[in-house]
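This report concerns only the one structure given below.
Read the figures in this text as sums done on the coordinates, not as results from a lab. Since the model is a prediction, treat every value here as computed from it, not as a measurement. Glycine gets a Cβ as well: all are built from the backbone with ideal geometry, and neighbour counts include every protein chain shown.
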């Protein structure tokens, strides 16, 4: 807006300035020529013939410069058979006669450069005086220095004036854009607050021109929440509806000992894994779409560590370290599901030690889960994210843990990476999640072991 307005203002002021300068130039030139014409008429009216037939003036010309040598203002009367009758200002010089094709019966204007370093604007007229046998040529000349100075001064004033006017208009357009678009920037900030979990709706007061936009945004948020809730509810209903017949099939298959029953049991287990995975993903997707929550990480880690410790009857030592006040921008249930799967896997497949570290980086929070197990070869790590894929078949499990963690993390804009623990030698899982801030500022606390 500012750029377009600046170009348009510059173009209009440029065209207007050229037109104004042209008009002023014509006006000043016409005024200059009118003054010459007045002097020429005054000289003609004061002229008469003396006893010997020469021209003389009955009265002196009013402008004092005609009496000052080389003053820049001159007059002269000339006739073919007589010596020229010049003004004192010409001193030892004479005005040249106009070109032969110049018609001087009426006042004629022309430029003359006969004097070195001085351009003259000359007005000439041929007049037959009473009693004269031949017409006399009356000439009035003035140096164009004065006219050039006036023209240059006028152009400078016009240029500065239009320049200041243009700068002022552009500044006004800029201020108008800044303050006029400020409500839209506030709307953008409010939407950022909603996305970061600091608000659920756009609640600030806005001008009446922006209120319809704010109302539509709030309606869209409400509609999205309703759709997410409906989708989550339908997914849950479908999953529960499928679980009942699958349980019946599984019970019937387990009561028989034949190849068909074993095949049915295996396929029902596969179906159950898929249903559990999709149900967990649907719940997370529904909560993510409607979530503006802020969940502290440390209490969730402590609770899960205690639960996993009790499940393994004290055979696993879990250490926590890092940023105690770091927070996750999402729901507590989804955080518990991701951390529970990671910590339980580390306790189940490790050698008895699990080390968990919380770090923050810009707008992300990272949870590092390390164990002292055998680890996983780099070429086999991607297989762990596939549904139902297990590398350690000696331990119980469904093979859905890391797949669910990956899906839920990606729903929130996070990620899961696998590596090797430098301290414990086992598997390192790095869970990156969006970071929540308190009051718009990062949570900053010293690291605590």
### Task
Sticking with the crude label model, points 7 Å out along Cα→Cβ, report the distance from residue 189 to residue 249 in nm, one decimal please.
5.7
#### Entry: Fraction of alpha-carbon pairs over 34 Å apart in the chain - percent
63
### Query
Can you give the FRET efficiency for residue 307 and residue 420, using 1/(1 + (r/R0)^6), R0 = 30 Å, r = Cβ-Cβ distance, to the nearest 0.05?
0.65
#### Entry: Overall form of region 56-204 per C-alpha gyration tensor (a/c, 1.5; a/b vs b/c)
prolate
### Summary
Shape call for region 94-179, from the Cα gyration tensor axes a ≥ b ≥ c (a/c under 1.5 means rounded, otherwise prolate when a/b beats b/c, else oblate), comes out prolate
### Task
Treat each spin label as a single point 7 Å out from the Cα along the C-beta direction, and report the residue 94 to residue 30 distance in nm.
3.7
### Query
So how do 265-276, 249-260 stack up, highest first, on mean other-Cβ count within 10 Å?
265-276, 249-260
### Message
Distance between the C-alpha centers of region 336-353 and region 184-219? Whole Å please.
### Response
41
### Percent RCO, i.e. relative contact order, over the chain, from Cα pairs under 8 Å lying at least 6 residues apart
11
### Message
Please compute the modelled spin-label separation between residue 56 and residue 154, points set 7 Å along Cα→Cβ, answer in nm with one decimal.
### Response
4.1
### Summary
Checking rank on 184-195, 219-230, with mean other Cβ inside 10 Å and highest first, the result is 184-195, 219-230
### Task
Quick one: angle between helix 332-349 and the longest Cα principal axis of the chain, in degrees between 0 and 90, rounded to 10, please.
50
## Note on the structure
Checked region 24-128 against the a/c 1.5 cut and the a/b vs b/c comparison, axes a ≥ b ≥ c from its Cα gyration tensor; verdict rounded
### Task
May I ask for the angle, rounded to the nearest 10°, between helix 297-311 and the longest principal axis of the chain, with both axes built from Cα atoms and the value confined to 0 to 90°?
20
### Query
Order of 141-150, 334-343 by packing, highest average Cβ count within 10 Å first?
334-343, 141-150
### Task
Note the angle between two axes, namely the Cα long axis of helix 211-254 and the longest principal axis of the Cα atoms of the chain, as a number of degrees from 0 to 90, rounded to the nearest 10.
20
